[in-house]
Amino acid sequence: MLLPLSLLTLSLSSLFLFTFSRPLSQGFSNSTINLDDSLVYLWPLPSHFTFGDDTLSVDPDLSLSLAGVGGNSPILTEAFQRYLKIIFKHNSRVSGDNLRGGLIYDIGELKITVNSDDETLQLGVDEGYSLSIARTDGYSVIGKAQIEANSVYGALRGLETFSQLCYFNYESKTVEVYKAPWYIRDEPRFAYRGLLLDTSRHYLPIDVIKQIIDSMSFAKLNVLHWHIIDEESFPLEVPMYPNLWNGAYTKLERYTVGDAHDIVNYAKLRGINVMAEVDVPGHAESWGHGYPDLWPSSSCREPLDVSKNFTFDVVSGILTEMRKIFPFELFHLGGDEVNTDCWSSTPHVEQWLQDQNMTTKDAYQYFVLRAQEIAISKNWTPVNWEETFNTFSSNLNPLTVVHNWWGPGVCPKAVAKGFRCIYSNQGVWYLDHLDVPWEDVYNAEPIEGINDISKQELVLGGEVCMWGETADASDIQQTIWPRAAAAAERLWSRKEATAAINHTLVTLPRLQYFRCLLARRGVPAAPVTNRYARNPPRGAGSCYEQ
């Protein structure tokens, strides 16, 4: 029997140390490896939940019932079909002698109720949901699992959780839900839960990006930070300035406007925003292959030439074209690692600085603020790397979201001045740092050092960053996963449920299980416990011990 809502907030000991009449390991273990049936194998861990000790079978012809004003969303119907393929990967039927009360299966219908028909995907959209799976009682109806959400995106998160509760029993050849009855009430801790993807250092084909988006949805991440261009290459089509993608590595390593639209739409169907980045004024050498006038000189190619209006015309043109593609309210303008030596060593730029009575530091601020004005004029909220805050915080536009990366302590300083912040401390959340173990990723805390609750609310969340110098289509997924999942649970689950527990006994087995879930879904996630990320297994053994 499901417990009343007042009892949903359970102690950590009751969450993880229950004893069940039927060991979960009977459902999906072999004679060598026994998964700990006292653990809850959901990732990320839901906010509040109760469960029991029953096992329910799921009809392979599971039907979908939609209700509520937003129930007829095509986003939902497409997602349901997508999850059916995940849940019923094994196409088997239960034998007739397993009839129960006239029904072959315990769960024959999934009812999803969505209370709003607004499908706008924006920062802070309601991703909460409730999920119940039970036999006849005061909360459920025979043969049904039920999801209720205020938005279609909350319903998507509920579908993911439902799919993780469904296991294939190789002995009975049926999909089953263990530990029923379930009641889950869930919502994310942070509104922004991101993954940066760098397609400048190595081009990533469209299908690979879509595979990564799929895998993000499994971990309930909700922002793809697309670092499209950098000094090495400019692969994106910009119709207003068609020569810009001359800076691509080759003519075969480019993204058309249609490609970009496709990625954004694909992500939306999975409840994921796409935040684009145009990093200025540094990291922009590739721009000049199409328009050399953007370089201070042919021998000194970045930062972009601050002295020419043409530079800002191009920035404005890029943002104008990109606004047609990227509806997300945040836009990343970079601003990091700006070495201004070219400005001071190029005669015409140096003369302009003297005429404007500016130092190179002043010009750096001028460039960033002018780019912010362009973005804001197009109804975007600017995001900038922390150097802009560290250098001239008092002059940044108040709308600025400060993106931490260099080290700890930046978000506390930013929110103290009233700025919002995104946490990506490179010491723990840079995935190209292959020697950072999963424990360090998991233990990172975006609001560390911020005690004022009102200031904590200015931390939008965090983002793991997959910089691409040593990752391409051959190894990017196993570099991202499973460590990105460790950050995903930190960003989704309640702090109280993930902090004061023995991670070796409780968290590691759950993360190993999730890594194997990714593998079952076709995501080439690397072993969890290797000293260096993305290394292959060290020898024969179960997926659940690597």
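Numbers below:
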{"quantity": "Given charges at beta-carbon only (K, R positive; D, E negative), |dipole| of region 129-288 in Debye", "calculated": "800 debye"}
{"quantity": "Simple Cβ-charge dipole of the chain, Lys/Arg +1 and Asp/Glu -1, about Cα centre, in debye nearest 20", "calculated": "1460 debye"}
{"quantity": "Mean-position separation - Cα centroids, region 470-510 and region 384-404, in angstrom", "calculated": "29 Å"}
{"quantity": "Calculated FRET efficiency for the pair ALA473/GLU350, C-beta based, R₀ 41 Å, to 0.05", "calculated": "0.40"}
{"quantity": "Extension gain, ASN246 back to LYS361 (0.36 nm per residue minus Cα-Cα distance, nm)", "calculated": "38.4 nm"}
{"quantity": "Distant-in-sequence amide H partners of ASN169 (H built 1.01 Å from N, under 5 Å)", "calculated": "THR174, VAL175, GLU176"}
{"quantity": "Proximal charge balance of TYR129 [Cβ under 12 Å; K/R count +1, D/E count -1]", "calculated": "-3"}
{"quantity": "Region 411-524 shape via C-alpha gyration tensor axes, a/c threshold 1.5", "calculated": "oblate"}
{"quantity": "Burial order of peptide ranges 257-263, 369-375 (average beta-carbon count within 10 Å, highest first)", "calculated": "369-375, 257-263"}
{"quantity": "For PHE331, residues with placed amide H under 5 Å, excluding near neighbours", "calculated": "THR381, VAL383"}
{"quantity": "Coil-residue trypsin sites (Lys or Arg not before Pro) of region 224-316, DSSP, other Cβ within 10 Å capped at 13", "calculated": "LYS251"}
{"quantity": "Equivalent ellipsoid semi-axes, region 136-221, via Cα gyration tensor eigenvalues times 5, rooted, Å", "calculated": "33, 19, 10"}
{"quantity": "Alpha-carbon Rg/Rh ratio, for the chain, with Rh computed the Kirkwood way", "calculated": "1.01"}
{"quantity": "Length added when fully stretched, GLU329-SER163, from 0.36 nm per residue minus Cα-Cα", "calculated": "56.7 nm"}
{"quantity": "For the chain, accessible area per residue (1.4 Å probe, heavy atoms of protein chains only), Å²", "calculated": "39 Å²"}
{"quantity": "With every protein chain in place, the chain: carbon and sulfur % of accessible area (1.4 Å)", "calculated": "49 percent"}
{"quantity": "Within-9-Å neighbourhood charge of LYS111 [Cβ basis; K, R +1; D, E -1]", "calculated": "-1"}
{"quantity": "Within region 346-369, backbone nitrogen closer than 12 Å to the virtual label 7 Å beyond the Cα of SER299 toward Cβ", "calculated": "346-347"}
{"quantity": "Potential lengthening between SER63 and HIS433 on full extension [0.36 nm per residue; Cα-Cα distance subtracted]", "calculated": "128.7 nm"}
{"quantity": "Whichever lysines have a C-alpha closer than 19 Å to that of LYS361, once near sequence neighbours (fewer than 8 apart) are set aside", "calculated": "LYS308"}
{"quantity": "Over 28 Å between alpha carbons, listed pairs LYS85/LYS495; LYS111/LYS495; LYS111/LYS324; LYS251/LYS324", "calculated": "LYS85/LYS495; LYS111/LYS495; LYS111/LYS324"}
{"quantity": "Separation of the GLN456 and LEU399 label points, Cα + 7 Å toward Cβ, nm", "calculated": "2.9 nm"}
{"quantity": "FRET efficiency, SER542 to ALA416 (Cβ-Cβ, R0 56 Å, nearest 0.05)", "calculated": "0.70"}
{"quantity": "Stokes-Einstein D in µm²/s, Kirkwood radius over Cα pairs - region 271-324 at 25 °C with 0.890 mPa s viscosity", "calculated": "206 µm²/s"}
{"quantity": "Charge-dipole axis of region 316-450 as Lys and Arg at +1 and Asp and Glu at -1 on Cβ define it, positive-most pick from LEU399, SER377, ILE325", "calculated": "SER377"}
{"quantity": "Karplus (6.51, -1.76, 1.60) ³J(HN,Hα), θ = phi - 60°, over region 335-346, in Hz, Gly and Pro reported as x", "calculated": "x, 9, 6, 8, 9, 8, 4, 4, 5, 7, 9, 9"}
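The values are calculated or read from the model by the stated rules, or taken from the named source; none is laboratory data. Bear in mind the structure is a predicted one, so any value in this text is a computation, not a measurement. Quick reminder, even Gly has a Cβ in these numbers, built from the backbone with ideal geometry, and neighbours come from all protein chains shown. These accessible areas exclude ligands, DNA and RNA; they are computed on the full protein's heavy atoms, side chains included. Shrake-Rupley method; radii C 1.70, N 1.55, O 1.52, S 1.80 Å.
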